[in-house]
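Notes follow once the structure below has been shown.
The values are calculated or read from the model by the stated rules, or taken from the named source; none is laboratory data. Values in this document were obtained by computation on a predicted structure and should not be read as measured data. Positions of Cβ are generated from backbone atoms using ideal geometry, with glycine treated the same way; all protein chains shown enter the neighbour counts.
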Amino acid sequence: MTANNIAVKIRNVSHQFGEKGDRHHVQALQQTSLDIARGELLCLIGPSGCGKSTLLNIIGGLVKPTSGTVEIGNTVVDGPLPQEIAFVFQENALFPWNTVLENVMLGLMFQGVPRAERMARAQKSLAAVGLADFMHHYPGQLSGGMRQRAALARALSLQTNILLMDEPFGALDEQTRMILGEDLSVLLARSGKTIVFVTHSLGEAVFLADRVAVFSARPGTIKDVIAVDEPHPRKPEFVTTDKFTTLRNKLYTLLHDEIRRAAAEAGERPTAADIAT
Amino acid sequence: MNDRGSRRDRLLSRLVQAAFVIGLLALWYLATTRWGVSHLLLPNPLLVWREFVDVLSSGEFLPDLAVTLGELAIAFLISSFSGVTVGYLISRSQYLIRVFEPLLAGIYSIPIILFLPLYVLLLGLGPASKIALGGTISFFPIVLSTIAGFGYVERIYITAARSMGATYYQLFRYVLLPAALPVILSGLRMGFTVALLSILGSETLASLAGLGHRIVHLAESMDMARMFAYIVFAVAIAALLNTVVSALEARGKRR
């Protein structure tokens with residue numbers, strides 16, 4: 001990775017919630033450093049509460065780190081950068097009082113896109129995610145999968161170089177999740193965007209990512225980075241190959257100890273759901 | 001079929017409602033003509049109807065109605081403006097919400113009508129004391145619903161808008177306001193209703209003019225049929241205003 005090939009430079013980022021000695025004090029992230037290359041899809045995976053979502057919010061300028069810096073290009077992140085970074089959140093972050101089309105156009109207005117361009121750009125990105133026929137529906141009238149497609153369209157219409165996705169398919173059922181993952185791989189292969197994708201799912205991580213960063217249990221830091229050397233867009237058959245299985249097993253081994261440690265600290269026994277396949 | 005069934009159900013309940021009202025009127029009529037209930041307590045409904053028509057056609061009700069509606073309008077204007085403003089300012093800080101929401105809810109639960117004698121002492125028997133009372137009583141549901149509306153907007157909407165670069169004005173206009181509006185509108189409707197009730201009520205207790213004042217005046221001069229006609233008139237006005245306000249609320253909430 002050469003210096004001008006780096007899209008996001010994370011340097012010694014630590015974050016704590018509350019003050020030391022406080023009852024609510026939590027050391028979420030500890031001394032995390034990582035370079036994210038231009039155009040790569042990086043997955044962050046780790047046990048619950050390891051700080052991967054916190055790191056995503058720090059990259060996006062929504063949370064200020066306790067110490068350390070994140071650089072985008074040559075600027076240090078100090079607040080949201082709507083021209084550079086778009087988000088897709090896990091929860092349903094569409095405004096329920098607006099139609100899908102209005103939601104996308106509102107995002108464009110917030111970003112500062114001239115009025116005349118908003119309609120065409122919104123329609124184009126909604127068509128790209130397959131929602132052309134549902135533009136005038138309200139979010140409440142759509143299924144969970146369609147809502148996340150709409151949220152993705154809103155983020156894509158902003159035409160940022162960086163896309164941050166916080167477990168965007170986390171609340172969806174397995175089948176919907178698989179289809180959305182396949183579509184996302186096709187959609188993003190062409191875009192050349194730099195994508196950081198937080199997930200709980202090992203399979204999702206291997207299927208989508210160029211690299212997977214595995215987090216340790218709290219206080220979280222990056223334990224290992226696994227490269228997935230497979231061209232985009234990935235074919236659905238990729239999941240049945242030995243390569244896929246080997247990589248997933250490798251991730252499983254890396255994660256398993258951390259999930260045990262995280263669970264022991266939280267005083268619970270891990271459940272099958274903590275290690276999603 | 002289901003649709004037809006539900007329409008028949010609706011029609012049936014309308015019929016029962018109509019039969020209930022007609023039955024009440026019949027009882028009233030029988031009580032005055034057959035069962036010898038004193039006309040000083042309960043005048044003949046036909047007589048009341050004649051008086052009601054006379055009140056309407058003579059236009060005698062106009063000055064009193066103007067006083068009551070004027071008091072209501074000013075009281076509601078004051079309480080809705082101050083309630084929404086104060087509620088919004090409180091809702092901007094979790095600390096202020098924690099301090100003031102229980103305090104205001106506590107005051108709301110005491111009978112503020114007890115302040116009427118104080119208001120009359122301070123402001124006299126004229127409209128000012130009614131406006132003050134109506135304004136005070138309706139302030140509370142409005143301020144509380146405004147706090148609830150603005151103070152509990154889902155954080156994710158605010159985070160999403162911020163991440164896309166929304167300015168403070170845009171955040172208010174396109175996120176906070178539409179999120180809070182349905183709750184605030186409910187509060188405004190409740191405020192309007194309690195303002196009307198308390199103004200009519202306080203007019204019957206201590207006043208110089210207004211519909212409530214007229215009703216007490218007629219009762220004191222034993223003109224029972226006309227008093228009942230005015231009660232019917234006041235009920236009709238209240239029902240009409242509440243229907244209008246509810247329709248406005250429903251329109252504001254529709255999206």
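Points worth noting:
- Of all the listed residues (A:A120, A:A116, A:A132, A:A127), the sole one being free of Cβ contacts under 8 Å to residues at least 24 places away in the same chain and closer than 28 Å to A:S201 by Cα is A:A127.
- All of B:A75, B:A161 fail the test of being at negative phi, within 14 Å of another protein chain (Cβ to nearest Cβ) and part of a helix (DSSP H, G or I), apart from B:A161.
- Strands (runs of 3 or more DSSP E) completely within the stretch A:1-118 that count 1 or more residues being more than 11 Å from every other protein chain (Cβ to nearest Cβ): A:6-17, A:26-37, A:41-45, A:67-72
- Any hit, the stretch B:167-183, residues being within 12 Å of chain A (Cβ to nearest Cβ) and crowded, with 24+ Cβ neighbours inside 10 Å: yes
- Only one of B:V183, B:V175 that is at pLDDT 85 or above and in contact with a Phe, Trp or Tyr (Cβ under 6 Å, 6 or more places away or on another chain): B:V175
- Index of the failed condition, A:V225 passing every other in (1) touching a helix residue (DSSP H, G or I) at 6+ places or on another chain (Cβ under 9 Å); (2) at pLDDT 85 or above; (3) under 25 Å from A:K9 (Cβ atoms); (4) not in a helix (DSSP H, G or I): (1)
- Some residue of the stretch B:127-141 being buried (at least 22 other Cβ atoms within 10 Å of the Cβ) and β-branched (V, I, T): yes
- Condition check for B:E249: touching a His at 6+ places or on another chain (Cβ under 6 Å) and in contact (Cβ under 8 Å) with a residue 40 or more places away in the chain: no
- Within the stretch A:135-152, the presence of a residue that is buried (at least 24 other Cβ atoms within 10 Å of the Cβ), of a type in the set (S, T, N, Q) and over 18 Å from A:N98 (Cβ atoms) is excluded.
- When B:A166, B:A195 are checked against the criterion of being assigned by TED's automatic domain parsing to the domain that holds B:P117 and under 12 Å from the mean Cα position of the chain (by Cα), a single residue qualifies: B:A195.
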